[in-house]
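Taking it in order: structure first as structure tokens, then the write-up.
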Amino acid sequence: ASIEARKLDFDAYVDPQKQYADVVIEVLPTQLIPDDNERKVLRVRLVMKEGVKYFSPVYLFDEGSTV
């Protein structure tokens with residue numbers, strides 16, 4: 001409910017700024033991991049603009065993934 005209450009402000013003020021960003025980190029919905037008692041896993045998506053001078057691409061991947 002708290003997130004939904006702020007969605008209009010996000011849509012009006014935050015989301016439009018993505019078009020000007022070199023990097024955007026999106027927090028994705030949680031997917032709980034069985035036997036994960038620490039609850040420290042955060043799912044994210046990293047989106048980087050191509051062709052930015054002095055800005056090397058960064059790759060994030062899960063354990064066991066291949067690039």
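So, in the stretch 7-32, of the ones that are part of a loop (DSSP other than H, G, I, E, B) and open to solvent by less than 80 Å² (accessible area, probe 1.4 Å), which residue ends up modelled with the lowest pLDDT? My answer is 28. The selection criterion, being within 15 Å of the chain's Cα centre (by Cα) and free of Cβ contacts under 8 Å to residues at least 60 places away in the same chain, does not hold for residue 16.
The test for being among the basic types (Lys, Arg) and modelled with pLDDT of 90 or more does not hold for residue 53. In this structure, does residue 50 turn out to be of a type in the set (Asp, Glu) and surrounded by 10 or more Cβ atoms within 10 Å (Cβ to Cβ)? Against the criterion (of a type in the set (Asp, Glu) and surrounded by 10 or more Cβ atoms within 10 Å (Cβ to Cβ)), residue 50 does not qualify.
The values are calculated or read from the model by the stated rules, or taken from the named source; none is laboratory data. Computed from a predicted model, the values in this text were never measured in an experiment. With ideal geometry, Cβ positions are generated from the backbone for all residues, glycine too; neighbour counts draw on all protein chains shown. Just the protein is used for accessible areas: all its heavy atoms, side chains included, with ligands, DNA and RNA removed. Shrake-Rupley method; radii C 1.70, N 1.55, O 1.52, S 1.80 Å.
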